[in-house]
Structures are given as structure tokens and as C-alpha cells.
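Structure record follows, encoded as C-alpha cells.
The values are calculated or read from the model by the stated rules, or taken from the named source; none is laboratory data. As the structure is a prediction and not an experimental result, all values here were calculated from the model. No Cβ is skipped: glycine too gets one built from the backbone with ideal geometry, and neighbour counts run over all protein chains shown. Just so you know, the surface numbers come from the protein's heavy atoms only, side chains and all, with ligands and any DNA or RNA stripped out. Shrake-Rupley method; radii C 1.70, N 1.55, O 1.52, S 1.80 Å.
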Amino acid sequence: QVQLAESGGGLVQAGGSLRLSCAASGNIFSINDMGWYRQAPGKQRELVATITSGGGTNYADSVKGRFTISRDNAKNTVYLQMNSLKLEDTAVYYCNAEVWVTPTFEHLEVWGQGTLVTVSS
């Protein structure tokens, strides 16, 4: 019913920047919160940042001041601008969205397939 397509991952040197994008498509009535999570090798998935439909944001302490989450509601797209990347930011980054779908108006939590970000020294 609803799909999330992430893009923008890749290999970057420490101190560099990357911008992730995630576009939602399908039978969407509206989207509430959107967010980014990440999972490093051997670790649990953790929250990176979230953003409400009104633009309110929340960040993990580890990325505050370096990462910025934003969204374009007209395009059903969320972005994550990542600056001053560190080795410990290496992970698979997953997009997440809370979606009301048509025609049933069912409320779903949807995940993307993930995009790999690798930070090298």
C-alpha cells in the first residue's frame, strides 16, 4: 500500500557530508511523523531524528549539531543532512513514517529498506 524509497547513502571520509532522502508513495491520505533510524553492525537499531508534520524535530544526542532533518510535505519526502560525519556514524539508515492510508484510513507504521552510510578515516 505504501512504500518508502531511500537514497543518498554511500562512502564518505570522516568530516564529510551526505544527504539522505526518503520519498513515500502509494495510497497515502496523510503522513504524521517521519524519521530516520540507523543500525550499526552488531548493534540495535536506534533513533537518529524525527520530524512532525508541523516541522517539530527531535534528535539523538549523538547527532545534535551535526545532522538536520527536514521534510517536504507536498512531496511526501523527508531528508537528513549529515555534516561532520564520524566513523561511528557508519550504519544502515532506515526511513520511517506514520501514514494514514486510503481508502480504509488505516494507520500504518512503514519502514524503508535502508541505505548504507560508510564513513572512512
Report task. Would you mind pulling out the separation of the Cα centroids of region 71-105 and region 22-67, in Å? Result -> 5
Requested in this report: Between G42, G16, G54, find the one with the highest GNM mean-square fluctuation for the chain; connect C-alpha pairs within less than 10 Å.
Outcome: G42
Query - Cα-projected label distance for Q44 with N83, points at 7 Å along beta-carbon direction, nm - result: 3.2
**Report entry** In nm, spacing of pseudo-spin labels at Q3 and D72 (7 Å Cα→C-beta vector)
**Finding:** 1.9
**Report entry** Relative contact order (percent, whole number), the chain, Cα cutoff 8 Å, 6+ residue spacing
**Finding:** 36
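Given a 1.4 Å probe and every protein chain left where it sits, what share in percent of the accessible area of the chain is carbon and sulfur?
On the way: 2990 of 6260 Å².
The C+S portion of the solvent-accessible surface of the chain is 48 percent.
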Query - Positive dipole terminus of the chain, leading residue within A40, N83, S21 (C-beta point charges) - result: N83
Query raised in the report: So if R0 is 30 Å, what FRET efficiency would H107 and S17 give, r being the distance between their Cβ atoms, rounded to the nearest 0.05?
Result: 0.30
